[in-house]
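None of the figures in this text is laboratory data; all of them are computed from the coordinates on show. All of these numbers come straight from a predicted model, not from anything done at the bench. Ideal geometry is used to build each Cβ from the backbone, glycine not excepted, and the neighbour counts take in all protein chains shown.
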Amino acid sequence: MSIKMPMTSSSASVMESPSPAVRNTRFERDPAPSAVSARAWSLGSTLTKILGLSVFAFLLFGPLANLVLWSFAERWYAPFKLPVSYGTRYWEVVFRPTGDAMSSLMTSVGIASLTVLVALAVSVPAGYALARLRLPWRTALMILFLLPQAFPSVAIYINVARVFYSLGLTGTITGVVLVHAAHGLVYSVWISAAAFAAVDKDLELAARNIGASPLRTFFTITLPLAAPGIMASAIFVFLESLDEFTGTFFVGVPQVTTLPLLLYNASMGGNYQIASITALILLVPSILFMLVIERFLRADVLSKVGQ
Amino acid sequence: MTGSHSAAIEVSDLQVSYGSQRVLHGVNLSVAPGEFIAILGSSGCGKTTLLRTIAGFQKASGGAIRLFGRDVVNTPPEKRGIAMMFQSYALWPHMTVLGNVGYGLRLRGVPRDEIRSRVASVLKMLNLSGLEERKVTNLSGGQRQRVALGRALAIEPEILLLDEPLSNLDAKVRIQVRSEIKALQKQLGFTAIQVTHDREEAMTMADRIVVMEAGRIAQVGSPEEVFDHPNSPFVASFMGAENTIALDVRPSGAGVEVRAAGGSATTWTGTAPVGGVTAYFRDDVASLDDPNARIEGSIVLPGTITQRTYPGGHYRYVVAIDDRHFTVTDSAYHELDRPVRLRLPLASLHLFPTEMIKGGNHA
């Protein structure tokens, strides 16, 4: 279903483009004894637009269409351009309750949820402090949370794996959650700092003024008003965790198998059907996210990111 | 005005700084219970800072604030028992009208049913009945203003601070709300301090007016006192006396002899500082006369009308005397470019020695 939506929207946009062309030619008919070249020009520009849109749509949706095709292909080998036989056998394999896919989906979702909790536990206080308190090293602190993104991740994760090994954290959910949380903190701290900064201070003062303690003010005024931004950061962290491969590979393998690892194993093993279906499952939260994010992240919050 | 123990608000030698910049330089003010005070001043004079320091949002760097004799200078805002209405209203957008107005009562552990009935009576008082479940984001400007007032009044404060409460309303609503706030204050008997930059608002609402200038109090007094007897050139021009003219005053007999450049000398029995004097006057004090008229106790200066506007009810003229221009309000119609006489009744002029003006910083 999630795949159908973008497909229809792409075909709709391709369908739409001829209609301006029709309008253009009609427009040119009236004043037009000398306008043959103009008409050719307009026709040419319309064709270019259609061509451009098609290329764009193909680049965007071609790989996705290929995934869908593969997920329903029961047999597909050279020299055939299309699958030899179709079926839902592999979907059944993936969604079998005892299958690897379901258990690694559960692992992925569990790790992502724990990661969100850990990230929020840090980013809500940190975001509030960065937004409201006069910290001497504010900019340096903000950049500190960027550091995990600033270096090549493979190099970092190999070292993290070494350290975690000595702590007995390799191959544990805890280890993977910590790696994911460190990665997700960039988004969650920056976005929640922006969300807190977007709350007008007078709104807090108004609560203090009529008798609310600072803590009460935080929980009844500041936090509810910053909640949409914090929700958005939580979704970011959740998706990043769901999608994360490198860290999980170095810290979690072989005991912890998340969906991206399953995808990797399946495609390395030449099992493109399982890989495609896993990829499609991973696509669902991203699409839900796109729908949610534009509701939760308002312009006044976005404008404060990184300030 | 009243003894320090019975004063509702007693501010003494209050100093406030933002970093190294001092904003209030030792403010002294005493407000009696039930009094309505308006703090009047141009932007940046420290009037809002004074209000926020009394509310506890801004730390004082020196001095004391006593509320009914209790020193609160180190007390956090929630323990001061003051309600404040914000210029931005600061209504909580995630709550309904009931949630906003009832917030203070909820904090005080008032039972749910009682909150409902008390909020209903506050809303009734403010003509907002039936809007309890409305989101505050779906209210008009005037309604929001009332909800903000209701939220402050719901906790039945003894002291209410109002920070430019009417500046976001359009002119017509403003005049109506002015009298409503005044009536509520009379009815409920709270002590109020209102900050405003609108002279007329301050005059019509307050029992006493505090004029502030650059972090200091320039004058405190009843509206009549401040308007009719400003104690400094700043207060005079802030209260609307924006025309200035240099005069020369000499003692003569029982009174003084006053002479303006280009005019004849006038003797006057009133009191005036002797020597070089600058007179401040409002445009409705001066009047335009027949060139031949001669009236006792007034300075009469020949000039020409260069501009005429009709703001409604009366005409406003710009009169040129030599190279100086004065605005004058007169009910009669006069032709442009005609010689007229500008009559300035000495009793209505605010006279200050010219040295004092050069010494002080004058707006």
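Once backbone amide H atoms are built at 1.01 Å from N, B:Val340 has B:Gly303, B:Thr304, B:Ile305 as its partners under 5 Å, excluding neighbours fewer than 5 places away on the same chain. Taking Cβ atoms as reference points and 14 Å as the exclusive limit, the residues near A:Leu114 contribute a net charge of -2, counting Lys and Arg as +1 and Asp and Glu as -1. The simple spin-label model puts a point 7 Å past each Cα toward its Cβ; for B:Asp198 and A:Thr246 those points are separated by 6.1 nm.
Counting pairs of alpha carbon atoms under 8 Å apart in space and at least six apart in sequence, what relative contact order in percent does segment B:143-266 give? Provide the component values of the computation, followed by the final result.
Details: 112 pairs, mean separation 16.6, N = 124.
About 13 percent, as a whole number.
Per the Debye formula on identical point scatterers at the alpha carbon atoms of segment A:27-87, with no solvent, log10 I(q)/I(0) at q = 0.12, 0.19, 0.20, 0.25 Å⁻¹ is -0.55, -0.78, -0.82, -0.96. For B:Leu247, the residues 5 or more places off, or on other chains, whose built amide H falls under 5 Å of its own are B:Val277, B:Thr278, B:Ala279. Considering only Cα atoms, the convex hull volume of segment B:1-134 works out to 150 Å³ per residue. Taken over the Cα atoms of segment B:169-240, the convex hull encloses 100 Å³ per residue. Computing FRET efficiency as 1/(1 + (r/R0)^6) for B:Asp228 and A:Arg295, where r is the C-beta to C-beta distance and R0 is 45 Å, gives about 0.15.
What share of Cα pairs, in percent, lie more than 42 angstrom apart in the protein assembly as shown? Every Cα pair in the protein assembly as shown considered, those over 42 Å come to 55 percent.
Relative contact order for segment B:241-359: what percent, with Cα pairs under 8 Å and sequence separation of 6 or more? Don't skip to the end; give the middle numbers.
Working: 272 pairs, mean separation 34.0, N = 119.
About 29 percent, as a whole number.
Within chain A, helices built from complete DSSP H runs that reach 27 Å or longer along their own axis (Cα positions) and carry a mean Kyte-Doolittle hydropathy of 1.0 or higher are A:36-72, A:100-132, A:173-197, A:223-243, A:272-296. Can you find, among B:Pro93, B:Val210, B:Leu40, the residue farthest towards the positive end of the dipole of chain B? Put +1 on the C-beta of Lys and Arg, -1 on that of Asp and Glu. Sorting the options by dipole projection puts first B:Pro93. Counts of other chain beta carbons within 10 angstrom of each beta carbon in peptide A:196-207 average 5. Placing pseudo-labels 7 Å out from each Cα toward the beta carbon at B:Ala64 and B:Asp284 gives an inter-label distance of 4.3 nm. What does the C-alpha gyration tensor say about the overall shape of segment A:97-163? Classify as rounded when a/c is under 1.5, otherwise prolate if a/b is larger than b/c, or oblate. Taking the square roots of the gyration eigenvalues as a ≥ b ≥ c, segment A:97-163 is oblate. Projected label points at A:Leu223 and B:Asp71, each 7 Å from Cα along the beta carbon direction, are separated by 3.7 nanometres. Let's test the formula: R0 of 51 Å, r as the Cβ-Cβ distance of A:Ile287 and A:Ser37. What FRET efficiency results, to the nearest 0.05? Result of the calculation: an efficiency of 0.65. The protection proxy used here, the mean number of other Cβ atoms lying within 10 Å of each residue, ranks peptides B:267-279, A:69-81, A:162-174, A:235-247 as follows, highest first: A:235-247, B:267-279, A:162-174, A:69-81. Select from B:Ala206, B:Ala192, B:Ala347 the residue whose mean-square fluctuation is largest in a Gaussian network model of chain B (Cα-Cα springs shorter than 10 Å). Evaluated over chain B, the most mobile residue of the options is B:Ala347.
Put simply, the amide H of B:Ser298, placed in the peptide plane, has neighbours under 5 Å in B:Leu346, leaving out anything fewer than 5 places away on its chain. Taking every alpha-carbon pair under 8 Å whose residues sit at least 6 apart, segment B:42-174 reaches a relative contact order of 32 percent.
Is the shape of segment B:200-318 best called rounded, prolate or oblate, per the rule: a/c under 1.5 gives rounded, else a/b larger than b/c gives prolate, else oblate, with a ≥ b ≥ c the square roots of the Cα gyration tensor eigenvalues? Write down the numbers at each step before the final one.
Values: a/c = 2.22, a/b = 1.28, b/c = 1.74.
Judged from the Cα gyration tensor, segment B:200-318 comes out oblate (a/c at least 1.5, b/c at or above a/b).
With axes computed from alpha carbons, what is the tilt in degrees of helix B:141-154 against the longest principal axis of chain B, rounded to the nearest 10 within 0 to 90? Its long axis makes an angle of about 60 degrees.
In terms of its alpha-carbon gyration tensor, chain A comes out oblate; a/c meets the 1.5 threshold, while b/c is at least as large as a/b.
By DSSP, what percent of the beta bridges with both residues in the protein assembly as shown are antiparallel, rounded to the nearest 5? Walk me through the intermediate numbers first.
Working: 65 of 83 bridges.
The answer is about 80 percent antiparallel.
Work out the FRET efficiency for B:Glu114 and A:Ser213 from their Cβ-Cβ distance, taking R0 = 30 Å, and round it to the nearest 0.05. E(calc), rounded to 0.05, equals 0.85.
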